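Every number here is computed from the coordinates shown, using simple stated rules; none is lab data. None of the values given here were measured: they were computed from a predicted structure. We place every Cβ from the backbone using ideal geometry, glycine too, and count neighbours over all the protein chains shown.
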Amino acid sequence: MDLKDYIRSIKDYPKKGILFRDITTLIKDELAFKETINQIVEKSKKFKVDKVAAIESRGFVFASAVSYILKKPFIMLRKKNKLPADVHSVDFQLEYGTATIEVHKDSISENDSVLIIDDLIATGGTAEAAAKLIEISKGKVAAFIFVINLFDLGGCENLVKNGYKVENLMDFPGH
């Protein structure tokens with residue numbers, strides 16, 4: 001099964017000049033979604049994983065299923081002011097603005113090896129912020145797994161240059 005066949009591309013979304021890679025067409029097909037989860041689980045076996053984390057919100061779709069299959073706790077990395085208890089926060093740059101992500105302070109224990117899953121990586125700013133959250137929490141990033149890598153935007157390369165292990169299921173150009 002070629003998972004690329006299940007990704008819809010939408011021009012000028014969320015703003016002019018962006019070619020948005022839409023995963024809703026992938027997750028609405030039960031066989032494509034199952035294959036995606038199976039491939040992520042298979043890639044995760046390369047790493048020591050104590051916990052699975054995901055970046056809000058589309059990463060939750062994939063990571064919660066992977067967490068269930070791996071029988072590992074699931075951690076949500078959320079947008080600012082979405083978590084009710086004490087949090088660690090990291091501010092970061094997006095392609096078109098700034099943002100903050102947070103994690104509950106009690107989600108990650110010292111030396112926990114955390115697999116971070118997201119639907120897509122572009123420039124890598126959000127992923128780097130996620131790694132900082134894990135490290136602020138005294139955990140270690142086991143690896144990143146992305147469903148889609150927008151290879152010409154350099155996010156995966158930046159993560160590798162910073163010493164992180166990175167896997168992805170498919171590559172698309174960013175534009």
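Of the residues Phe146, Ala63, Ser107, the one whose Cα sits farthest toward the positive end of the charge dipole of the chain, with +1 on the Cβ of Lys and Arg and -1 on the Cβ of Asp and Glu, is Ser107.
Remark: relative contact order (the chain) = 19 percent; criterion is Cα-Cα distance under 8 angstrom and separation of 6 or more residues. Counting only residues at least eight positions apart within a chain, or on another chain, the aspartates and glutamates with an alpha carbon under 17 Å from that of Lys48 are Glu110, Asp112, Glu135, Glu167. Expressed as a fraction of 2.2 N^0.38 Å, the value expected for a compact globular protein of N residues, the C-alpha radius of gyration of the chain is 0.98.
For the stretch 1-70, trypsin sites (Lys or Arg not before Pro) are listed when DSSP marks them as loop and at most 14 other Cβ atoms sit within 10 Å of their Cβ; the list is Lys15, Lys16, Lys28, Lys45, Lys46, Lys48. In the chain, helical runs assigned H by DSSP with n ≥ 4 each contribute -39500 (n - 2.57); averaged across all residues and rounded to the nearest 500, the mean residue ellipticity at 222 nm is -8500 deg cm²/dmol. The stretch 98-175 and the stretch 1-66 have Cα centres spaced 14 Å apart. Listed by chain and number, the lysines whose alpha-carbon sits under 25 Å from that of Lys43, ignoring those within fewer than 8 places in the same chain, are Lys4, Lys28, Lys34, Lys51, Lys71, Lys72, Lys132, Lys138, Lys140, Lys161, Lys165. Within the listed set Asp112, Asp91, Asp29, the residue fluctuating most in the Gaussian network model of the chain (springs between alpha-carbon atoms under 10 angstrom) is Asp29.
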